[in-house]
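The values are calculated or read from the model by the stated rules, or taken from the named source; none is laboratory data. The structure presented is a predicted model; accordingly, all values stated were derived computationally and were not measured. Neighbour counts are summed over all protein chains in view; Cβ atoms, including those assigned to glycine, are modelled from backbone coordinates with ideal geometry.
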Amino acid sequence: MKRRSMLAATLLLAMPAFAHHGWSSFNQDQPLYIEGRLKSVQWRNPHAEAVLTVDQVTLPANFAKRELPAQQQQVDGAAVLARTQAPADAAGDWEIEFAPLSRMQAWNVAPLKAGDRVELIGYTGVPGKPKLMRVEYLIVNGTAYGLRSSPR
């Protein structure tokens, strides 16, 4: 009986890990740029999430010349900017996955809320979820935050 209880407890604790997909399903070879207004925000772990309402988007002028912050993990921000495209069918609501709250706090990102306007550079490609994005860079009021790792 004790063995069954241990097995049941282990399975219950592991269920959130099974339900949470990893980052490997996102296409990191093709960064995309979207901007819009947050419709809803869930500021919680395992990572902050939101729904972003996007209008048709084009890359801003001088986009490739933007300054992106250094991160602890090696990320070539200039190369990411050079490869970034605006998706052809961007209009509508997107599911957004940010970094864990501890990383958002390390960057001093104020908790986002519905109605905030943000710019995002990130990755899509999860089968069956064309408008699901994992955010690489968050830009709020002109300030960019690198969300792959903590600030350097």
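Looking at region 16-38, which of its residues are at pLDDT below 90 and crowded, with 17+ Cβ neighbours inside 10 Å?
Phe26
Residues in region 46-65 that are surrounded by fewer than 16 Cβ atoms within 10 Å (Cβ to Cβ), part of a loop (DSSP other than H, G, I, E, B) and under 13 Å from the mean Cα position of the chain (by Cα): how many?
1
Farther than 18 Å from Tyr145 by Cα, among the aliphatic types (A, V, I, L, M) and either out of contact with any helix residue (DSSP H, G or I) (no Cβ under 6 Å at 6 or more places or on another chain) or at pLDDT below 95 (or both), is that true of Ala91?
yes
Can you tell me which condition Thr84 does not meet? The list is (1) of a type in the set (Ser, Thr, Tyr); (2) surrounded by fewer than 18 Cβ atoms within 10 Å (Cβ to Cβ); (3) under 27 Å from Asn62 (Cβ atoms), and all the others hold.
(2)
Any idea which residue in region 117-152 is surrounded by the most Cβ atoms within 10 Å (Cβ to Cβ), counting only those that are hydroxyl-bearing (Ser, Thr, Tyr) and part of a loop (DSSP other than H, G, I, E, B)?
Thr124
The conditions are (1) surrounded by 10 or more Cβ atoms within 10 Å (Cβ to Cβ); (2) assigned to a loop (DSSP other than H, G, I, E, B); (3) modelled with pLDDT of 95 or more, and Val41 fails exactly one of them. Which is it?
(2)
Restricting to region 111-130, name every residue that is in contact with a strand residue (DSSP E or B) (Cβ under 6 Å, 6 or more places away or on another chain) and under 15 Å from Arg37 (Cα atoms).
Result: Leu112, Lys113, Ala114, Asp116, Arg117, Val118, Glu119, Leu120, Ile121.
In the list Val140, Val126, which residue meets the criterion of being under 17 Å from Trp43 (Cα atoms) and in contact (Cβ under 8 Å) with a residue 24 or more places away in the chain?
Answer to the selection: Val140.
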